[in-house]
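So the structure is just underneath, and the comments pick up after that.
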Amino acid sequence: MPLNKPHSPYWLLCLCGLLLVGCAGRPYVSQDIASAGFLARTVTQEQAAIRVSAAVPDAGETASLWGLSLYEKGVQPVWIEVENSSADTVRLSIWSIDSDYYSPLEVAWMNRGGYSKEGRAAMERTLYDAAIDRRIPPGEKRSGFVFTHLRPGTKGFNVDLISTELRSYTFTFFVPMPGFTADYMAVDFENLYTDDEVTDLNIDTLRAALEQSPCCATDASGTQQGAPFNVVMIGTDLALDRAMLRADWQETELNSATTALAREQHYRGRRPDGTFIKTRGDGAERKELRLWLAPLQVAGERVWLGQTGTVVIDRFSQSAPSLISPDIDAALIYLIQNTWYSQSLQRLGFIRATNEVSPAAPTETFDGLRYHTNGLRGVLWLSEEPVGLDDVVNLEWESMPRD
Amino acid sequence: MTSLHRANALNALLAIPVTMILSAWLMPANAEDTAQQVPPPNERLHVQAEGDLRLTSAIPGADEARDIFGVNLYSKNVQPVWLQVENLGDDDMWLLPLGIDAAYYTPLETASRHFGLERLLQPETVNQFQRRKMVRMIKAGEVRSGYIFSRVDEGTKSFNVDVVSTGDETYRMTFFIPVPGLRLDHYETNFDELYDAEEIVEVDLAGLIAGLEALPCCVTDAKGENFGDPLNIAFVGNIDDMYYSFLRAGWDETETIYKSSLWKTLKSSLANSGYRYSPVSALYVFGRPQDIALQRTRASINQRNHLRLWMTPMKFEGEPVWIGQISRDIGVRFTTKTITTHKIDADVDETREFLLEDMYYSQALSKIGYVSGVGAAPYDEPRGNLTGDPYFTDGLRVVMWVSSSPKSLSELKIQELGVWPQAR
């Protein structure tokens, strides 16, 4: 009797064990990276003696690389290669590519289910070896992956390198992903204006030119007044791209529902050349920035007229209509600090764009936005290179707004 | 200003210390300026002064906030921070709310968390928040007060206040304001009394290298018998600059382990709700538990980094030298020793390098270098920490000099200390 009793559970256990091994104990198989198809989309840039290449596999390519559905877990690998022909060691800052990147063994942990012990160890080692080294000695080349957070659309990121010789390099990449067109990609910026139309300015003539530019956007017909241009951004294309990346703004897809409100606003008959959004981590509210290229240049740097606002979603409504906050100044102040803290702002000034509009008697736009403002337009001059918090220059035009 | 508001202001004024009444009394008397004063939420006022700037702050608890604003702000992740800025100088000053919380709320955003569009469009709805907000510009000689709407911090509300002046002065202050409900590590250590004067050693660069290399490889348990996580981070800097920099980089203080908080952690980890102040267990160096414990949350409680620091008896150019440990939690697993603990990333060098980058992107560092002292453990021959997690390492410690003024990436100096990591 005592001999019999343990038998049936024992055999049951064995059976379960066999079943588990049969379906869960798979070995690990990965693909050779050198032969992966996504490398055909590699983008390369060079600065001095440093050459950086980048490529991003899509969901399917990622799955076939490692046999792991990383996109489904919100992980997007970015392949980087750094070739250091300088005389000094350079150090890659992975933080610059994604400040919340996943470590290789963290990705392995997220995908640990279903492998045999050996299979899991092999998968961990593969991901560990696939990650890029931070240090690239002089005359050498390193390549590998950074595991970033998945974002829809063009994969934009900075690649910062510091050198032992007190020098830093910043590369900015926009790697197009199959199947996504951002709104600005549909604009032919080179042919928006003829050479005769573009006014060349210097720092002394800039203020007057900005003050003469229109106060506000219009409707499509150009007859009814829209929201004010409460911001001007000045910088090279690279400076603007980097500023948006450093401050964590997202591009928007051409004709997406998200930018329906923005597309009502027009400047010279054009809807925004580019609309960027920044969504809160803890809620549905978002900041929006709409930019139009103006026919102005300062020492070769482009000038953009913009509108920035806070979009609030009606959480109590089924159809979820959204509203731009009447307090458009608050959004401008946020944008200024955002570029300042993310080391992109080099000069800051304010000009008078409209008359003051009090909250008690708001102005209404053609599309029903009721706003109030102190009437100031922020002029944000952006830098390609990082600028310390203390080094931002006040242009000292209009005095800074009260709030 | 409604009569109701006036009555509140009077009550609050009666409850606050003499200095506050004096400063309120000294403020400009014209109508516009008086209208901008917003009374503090309670008597728990914290004051700091530097140069021409005098800052006072107070945080209303959940109930106090409800009494003031008429809605339960805390339930929607909104915590008002009351500030009073006294500009005693000749230049205008500009307050940067982003320094207090990188994701602060505008008054309308705050209102939108409680009311639908229909109510939002009625001016009095938003005005409830708008008229109590803190202005950004504080002109020469002025006193201004009001609220910034930040995300909720339980326990000690720790935040930086950044103020720039038109005279090119930058003021940086760090506040630690306890909000009833949670006990935190902060200020439980009296740093001045950690060492007797004769124990303090002032070291030069060679002495710093030798001193750091001579420190134990790893933390221990309370008895000092078993070795745990490697001590692979070191700082040179004073406590104020250290706290300022950690907060700027998004690190929170942590709660000491109590039964109730362990329960909160467990619940939060199961529900993935991101309880930001999950406690850390005590680890030991110099025979005592950590002097400072901080953490930086990522997507959920399972994805966060913990660091612990101990002040050493060394001083370099007058600044204390710190040694510490950092780990990246990548999940929760069950152990026999502590019931639940975090699964840490075995690649501790990767975590160390992450911290270095996190600190220099928050403009906190002036110099970096490396020393040995941990002892290498290769990938295939890992060592174990006190909870049985394996780790491998190149055996180096990163040394970070904390700057008292912000340094951009291109100003970061590499200090040669004799060794450099070869791989990662």
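The values are calculated or read from the model by the stated rules, or taken from the named source; none is laboratory data. On a predicted model such as this, the values are computed, not experimentally measured, just so you know. With ideal geometry, Cβ positions are generated from the backbone for all residues, glycine too; neighbour counts draw on all protein chains shown.
Candidates in the range A:358-382 are the residues that are in a loop (DSSP other than H, G, I, E, B) and of a type in the set (A, V, I, L, M); of these, the one that is nearest to residue B:122 (Cα to Cα) is A:360. Taken as a whole, the range B:62-72 holds no residue that is part of a strand (DSSP E or B) and at pLDDT 85 or above. For the range A:129-153, a residue qualifies if it is of a type in the set (Ser, Thr, Tyr) and surrounded by 20 or more Cβ atoms within 10 Å (Cβ to Cβ), and exactly one does: A:148. For the range A:387-398, filtered to residues that are assigned to a loop (DSSP other than H, G, I, E, B) and more than 7 Å from chain B (Cβ to nearest Cβ), the residue that is nearest to residue A:300 (Cα to Cα) is A:395. Among the residues of the range A:80-97, those identified as among the hydrophobic types (A, V, I, L, M, F, W, C) and either more than 12 Å from residue A:164 (Cα to Cα) or out of contact with any strand residue (DSSP E or B) (no Cβ under 6 Å at 6 or more places or on another chain) (or both) are A:80, A:82, A:87, A:94, A:95, A:97.
Would you tally the residues in the range B:217-230 being under 17 Å from residue B:390 (Cβ atoms) and surrounded by 15 or more Cβ atoms within 10 Å (Cβ to Cβ)?
7
Only one of the numbered conditions (1) more than 10 Å from every other protein chain (Cβ to nearest Cβ); (2) in contact with a Phe, Trp or Tyr (Cβ under 9 Å, 6 or more places away or on another chain); (3) farther than 22 Å from residue A:382 by Cβ is not met by residue A:257, and that is (2).
Only helices (runs of 4 or more DSSP H) whose full extent lies in the range A:24-129 are considered here, and none of them has at least 3 residues that are within 19 Å of the chain's Cα centre (by Cα), of a type in the set (S, T, N, Q) and within 14 Å of chain B (Cβ to nearest Cβ).
Residues of the range A:307-323 include at least one that is modelled with pLDDT of 90 or more, more than 11 Å from every other protein chain (Cβ to nearest Cβ) and not in a loop (DSSP other than H, G, I, E, B). Of A:370, A:347, A:280, all but one fail to be modelled with pLDDT of 95 or more and more than 22 Å from residue A:184 (Cβ to Cβ); the exception is A:347. For the range A:157-166, which residues satisfy the criterion of being touching a residue at least 60 places away in the same chain (Cβ under 8 Å) and surrounded by fewer than 19 Cβ atoms within 10 Å (Cβ to Cβ)? Matches in the range A:157-166: A:158, A:164, A:165.
One residue alone among B:248, B:296 is in the same structural domain as residue B:368 (by TED's automatic domain parsing), closer than 25 Å to residue A:342 by Cα, of a type in the set (Lys, Arg) and at pLDDT below 85, and that residue is B:248. When the criteria are applied in full, residue A:281 meets the requirement of being surrounded by fewer than 19 Cβ atoms within 10 Å (Cβ to Cβ) and in the same structural domain as residue A:366 (by TED's automatic domain parsing). Looking only at the range A:248-270, residues that are more than 22 Å from residue A:210 (Cβ to Cβ) and either part of a loop (DSSP other than H, G, I, E, B) or of a type in the set (S, T, N, Q) (or both) come to 11 in all. Restricting attention to the range A:146-170, the residues being within 13 Å of chain B (Cβ to nearest Cβ) and in a strand (DSSP E or B) number 14. The requirement of being among the aromatic types (Phe, Trp, Tyr), in contact with a strand residue (DSSP E or B) (Cβ under 9 Å, 6 or more places away or on another chain) and more than 10 Å from chain A (Cβ to nearest Cβ) is fulfilled somewhere in the range B:142-155, by at least one residue. Residue pairs whose Cβ atoms lie under 7 Å apart, separated by 6 or more positions or on different chains, with the first residue in the range B:94-123 and within 8 Å of another protein chain (Cβ to nearest Cβ) and the second in a loop (DSSP other than H, G, I, E, B) and of a type in the set (S, T, N, Q), are B:106/A:325; B:108/A:325; B:116/A:317; B:117/A:317. So which residues in the range B:371-399 are within 14 Å of chain A (Cβ to nearest Cβ) and within 20 Å of residue B:320 (Cα to Cα)? B:398, the sole residue that qualifies.
Of all residues in the range A:363-377, those being crowded, with 16+ Cβ neighbours inside 10 Å and either free of Cβ contacts under 8 Å to residues at least 60 places away in the same chain or away from chain B (no Cβ under 12 Å) (or both) number 9. Evaluated against (1) more than 27 Å from residue A:219 (Cβ to Cβ); (2) modelled with pLDDT of 95 or more; (3) within 14 Å of chain B (Cβ to nearest Cβ), residue A:384 falls short on exactly one condition, (2).
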